[in-house]
Amino acid sequence: MTANEKRIAGLASKSRLPSMHGSREYVEAGGLMSYGADRVDIYRRVAYFVDKILKGAKPADLPVEQPTKFELVINLKTAKQIGLTIPQRVLGRADKVIK
């Protein structure tokens, strides 16, 4: 899917279909919006656990974590192309708006 994100976003836009994705990369490639875990935050936590393991911690003794930071990204350029108006209240909640 990731290798085809531009193609997927382009097909949705061409068909005037609003598209919702789980990662911001799709929106940066032309998708309408995404809501999902902040990957930068996840990778930071991965580094924390790798550090613990390299210092001798047993992986089985480390806690399992779920994402705690999520982000909403909206592409206004795509919204305009498909004739969709995003309410100001939704835009106000977005972590990133692509214009």
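The values are calculated or read from the model by the stated rules, or taken from the named source; none is laboratory data. Only a predicted model underlies this, so the values are computations on that prediction, with no experimental measurement involved. Virtual Cβ from ideal backbone geometry, glycine too; neighbours counted across all protein chains shown. These accessible areas exclude ligands, DNA and RNA; they are computed on the full protein's heavy atoms, side chains included. Shrake-Rupley method; radii C 1.70, N 1.55, O 1.52, S 1.80 Å.
Quick notes on this one:
- The string of couplings for the stretch 83-93 from the Karplus curve (6.51, -1.76, 1.60, θ = phi - 60°) is x, 10, 9, 8, x, 4, 5, 6, 4, x, 8 Hz, one whole number per residue in order, with x for Gly and Pro.
- Check: the chain dipole with +1 on Lys, Arg Cβ and -1 on Asp, Glu Cβ, in debye: 360
- Dipole moment magnitude, nearest 20 debye, the stretch 1-41 about Cα centre, only Lys, Arg, Asp, Glu C-beta charged: 300
- Calculated [θ] (222 nm, deg cm²/dmol) that DSSP helices of n ≥ 4 give over the chain, each run adding -39,500 (n - 2.57): -12000 deg cm²/dmol
- The residues of the chain expose, per residue, 74 Å² of accessible area to a 1.4 Å probe.
- With R₀ fixed at 25 Å, the C-beta to C-beta distance from K6 to V46 puts the FRET efficiency at about 0.40.
- Here the Gaussian network model covers the chain, with springs between Cα atoms less than 10 Å apart; of A47, A37, A60, A60 fluctuates the most.
- Taking the C-alpha atoms only, the angle from helix 5-14 to the longest principal axis of the chain is near 20 degrees.
- The modelled label-to-label distance for the pair Q88/R39, using points 7 Å beyond Cα in the direction of Cβ, is 3.3 nm.
- Correct option for Rg and Dmax of the Cα atoms in Å [calculated from the coordinates] among (1) 17.3, 56; (2) 13.4, 39; (3) 14.6, 48: (1)
- Beta bridges by DSSP in the chain, antiparallel share as percent, to the nearest 5: 50
- Split the accessible area of the stretch 13-99 by element, probe 1.4 Å, and carbon with sulfur accounts for 55%.
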